[in-house]
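Scroll down for the structure; my scribbles are underneath it.
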Amino acid sequence: MRLRATMKAISDRSRASEPLPQSSKRNIALTGFMAVGKSVVGKKLAQRLHRRFMDLDQAIEEKERMTVSEIFNRKGESYFRTVEKQVLSEVLRKNGQVIATGGGAILDKDNLDLLRERALLICLTAPPATLLRRSSSGKERPLLKGDDRERRVEELLRQREKNYAQAHFSIDTGSLSVDEIVEKIIKILGPEVQG
């Protein structure tokens with residue numbers, strides 16, 4: 001229950017007291033837990049804004065010539081996080097992109113700081129039950145291996161909640177369609193970034 005309350009507190013809030021990146025060419029980065037919808041929302045948002053879409057996990061897979069699951073299985077999470085940090089730094093050298101990060105990219109303080117500096121960072125959230133349902137279909141999730149997936153999701157969310165709370169904005173995607181999420185993001189961006 002405490003986790004649900006914490007995730008609710010993170011959702012739909014803005015860090016309005018902070019100065020936000022305002023350039024129309026500023027990157028827009030989506031973060032959040034696995035299966036929250038970062039890639040599908042990111043693609044749709046990039047289309048709407050006529051921007052390049054970059055999926056960080058996909059860029060890592062291209063660089064390493066293996067899937068994220070294969071990297072975790074063959075080389076371990078530590079190796080994956082090192083490559084993730086390198087690729088993120090390279091991706092953020094360019095402007096005007098919509099970037100979908102991996103769910104754990106913000107665990108590294110340098111990654112989090114770089115994302116906050118070089119992008120408008122938006123955290124997509126959803127209730128744990130929704131994340132479990134979404135993660136049970138589609139691609140393999142190396143961090144959710146094992147019998148008690150519900151406990152693992154809650155554990156990972158607890159580990160990441162402080163980092164996710166550092167995003168400039170958060171949106172609870174639990175009851176929203178992809179189009180509704182994109183519309184919320186576009187409203188957040190304002191006219192200077194939409195163009």
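The values are calculated or read from the model by the stated rules, or taken from the named source; none is laboratory data. As the structure is a computational prediction, the values presented were derived from the model and not from experiment. Positions of Cβ are backbone-derived with ideal geometry, glycine not excepted, and every protein chain shown enters the neighbour counts.
Some notes on this structure:
- Enumeration of residues in the stretch 171-187 that are among the hydrophobic types (A, V, I, L, M, F, W, C) and over 16 Å from T125 (Cα atoms): I186
- Residue match in the stretch 139-153 (condition: modelled with pLDDT of 90 or more and more than 22 Å from K25 (Cβ to Cβ)): no
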